[in-house]
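**Q** Take this structure, written in structure tokens, and hold onto it; I'll ask about it next.
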Amino acid sequence: MKIVIVTAFISLAVGIALAGDRDKDARLSASDLDKLQGTWIGSEVGREGQVVLVFSGKLISFQGAFPQEWYKGKGILNENRSPKRADFLIEDCGSPDFIGKLSRGIYKLDEDGILTLAGSMPGVEIRPSVFHPGDGVRVFLLKRKSPPVEDPDFAILEKVSHSRANENPS
């Protein structure tokens, strides 16, 4: 279940990244996408451990609290809904069953710079309507660590994953 929920979060992040691909659609805007570029560090509500989320252009990469929790993909952002919506297509991850699945989520970016994301399990048609964990929904709170990165290979996440793997050998 932990991996399923992380995948939902990644799907949410991926949705935000794809917004730039749909800028001709009146429902979508790249304004939040622009604000989200860079590296975000935070945690999952109700769980221990640090997560890292990187927005690089239209791509998003996520590293969960455990080395095996990682996701990469694209998505669609809809800023004109309340709460704001994001759908995410998982292109690669540590759980092959989730590749190609869509996850639906919501997000908010507070004035104090806190990004809150809530996402459902990939493949589930129901979108969260509130920022509360439970019933297959994970919620993450993140704060920007660095400005936008140009590295499409997500070297930052690979470095984090490698260092965590060395710290906690299994």
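The values are calculated or read from the model by the stated rules, or taken from the named source; none is laboratory data. Fair warning: this is a prediction, and the values are worked out from it, not measured in the lab. Here the Cβ positions follow ideal geometry from the backbone for every residue, glycine too, while neighbour counts run over all protein chains shown.
**Q** If you check Ser163 against the conditions, is it of a type in the set (S, T, N, Q), surrounded by fewer than 17 Cβ atoms within 10 Å (Cβ to Cβ) and either in contact with a helix residue (DSSP H, G or I) (Cβ under 7 Å, 6 or more places away or on another chain) or at pLDDT 90 or above (or both)?
**A** On the way: of a type in the set (S, T, N, Q): yes; surrounded by fewer than 17 Cβ atoms within 10 Å (Cβ to Cβ): yes; either in contact with a helix residue (DSSP H, G or I) (Cβ under 7 Å, 6 or more places away or on another chain) or at pLDDT 90 or above (or both): no.
Judged against the criteria, Ser163 is not a match.
**Q** Let me ask something additional. Just to be sure, is Arg144 outside any strand (DSSP E or B) and either in contact with a Cys (Cβ under 6 Å, 6 or more places away or on another chain) or at pLDDT 85 or above (or both)?
**A** For Arg144, the condition - outside any strand (DSSP E or B) and either in contact with a Cys (Cβ under 6 Å, 6 or more places away or on another chain) or at pLDDT 85 or above (or both) - is not met.
**Q** Based on what the data block shows, is Phe88 in a strand (DSSP E or B), of a type in the set (Phe, Trp, Tyr) and at pLDDT below 90? Break it down into steps so the answer makes sense when it comes.
**A** Numbers: in a strand (DSSP E or B): yes; of a type in the set (Phe, Trp, Tyr): yes; at pLDDT below 90: yes.
Taking the combined requirement at face value, the residue satisfies it.
**Q** Before we move on, is Ala118 assigned to a strand (DSSP E or B), under 20 Å from Asp32 (Cβ atoms), small (Gly, Ala, Ser) and modelled with pLDDT under 90? It would help to see each step written out before you state the result.
**A** Numbers: assigned to a strand (DSSP E or B): yes; under 20 Å from Asp32 (Cβ atoms): yes; small (Gly, Ala, Ser): yes; modelled with pLDDT under 90: no.
It is false that Ala118 is assigned to a strand (DSSP E or B), under 20 Å from Asp32 (Cβ atoms), small (Gly, Ala, Ser) and modelled with pLDDT under 90.
**Q** Sticking with this one: Can you pull out every residue in the range 86-122 that is buried (at least 20 other Cβ atoms within 10 Å of the Cβ) and among the acidic types (Asp, Glu)?
**A** Correct list: Asp87 only.
**Q** Now, a different point. Just to be sure before I move on: is Gly46 in contact with a Pro (Cβ under 6 Å, 6 or more places away or on another chain), outside any strand (DSSP E or B) and surrounded by fewer than 17 Cβ atoms within 10 Å (Cβ to Cβ) in the structure I sent? Outline the logic, then answer.
**A** Details: in contact with a Pro (Cβ under 6 Å, 6 or more places away or on another chain): yes; outside any strand (DSSP E or B): yes; surrounded by fewer than 17 Cβ atoms within 10 Å (Cβ to Cβ): yes.
Yes; evaluated as a whole, the condition is true for this residue.
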